[in-house]
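The values are calculated or read from the model by the stated rules, or taken from the named source; none is laboratory data. Not measured: the values here are computed from a predicted model. Reconstructed Cβ throughout: ideal geometry from the backbone, glycine too, with neighbour counts over all protein chains shown. Surface accessibility is based on the protein's heavy atoms, side chains included, excluding ligands, DNA and RNA. Shrake-Rupley method; radii C 1.70, N 1.55, O 1.52, S 1.80 Å.
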Amino acid sequence: MSAYRAKDARAYLSLFAREADYVDFAVQVHAKINQLKDELASSFQREAFRLVFHSSFLSADGLAAALQGTYSDNARSGEPVSVPIASFLQIVEGKIMKEALYYDGSLFKRHLHAA
């Protein structure tokens with residue numbers, strides 16, 4: 001959450017295992033995190049890009065986490081928009097093995113593309 005708050009792509013990417021899966025169901029992207037690191041880094045640099053999490057849950061065994069918040073960015077039209085977002089994480093040996101994002105991606109489909 002702090003990496004998103006600081007818009008620090010390097011810190012965010014350091015949380016992932018090398019072969020982690022990144023699944024963005026909203027814009028239909030499913031790839032290994034390493035394939036998307038440049039695109040994700042450019043997302044963090046966009047002025048309008050923000051992910052603010054309002055609540056979080058970590059399972060008792062530390063192997064799963066869930067985050068709920070608001071995703072803001074420019075829509076395809078160029079207008080700023082915000083939508084509710086949920087992120088689900090699978091964690092192995094202290095690293096994220098899979099992140100799955102859910103939100104209304106119809107406004108944002110121009111940003112991320114499958115590698």
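Before moving on, here are some points about what is shown:
- In the set (1) out of contact with any strand residue (DSSP E or B) (no Cβ under 7 Å at 6 or more places or on another chain); (2) closer than 19 Å to Tyr103 by Cα, Asp61 fails one condition alone, (2).
- Extreme residue, most open to solvent (accessible area, probe 1.4 Å), among residues of the range 1-48 that are under 20 Å from Val92 (Cβ atoms) and of a type in the set (Gly, Ala, Ser): Ser14
- Any chance Ala64 is open to solvent by 30 Å² or more (accessible area, probe 1.4 Å) and over 14 Å from the mean Cα position of the chain (by Cα): yes
- Selected residue (criterion: least open to solvent (accessible area, probe 1.4 Å)) from residues of the range 74-91 that are of a type in the set (Gly, Ala, Ser) and assigned to a loop (DSSP other than H, G, I, E, B): Ala75
- Listed by position, the strands (runs of 3 or more DSSP E) enclosed by the range 1-73 that each have at least 2 residues that are in contact with a His (Cβ under 9 Å, 6 or more places away or on another chain) and in contact (Cβ under 8 Å) with a residue 12 or more places away in the chain are 16-24.
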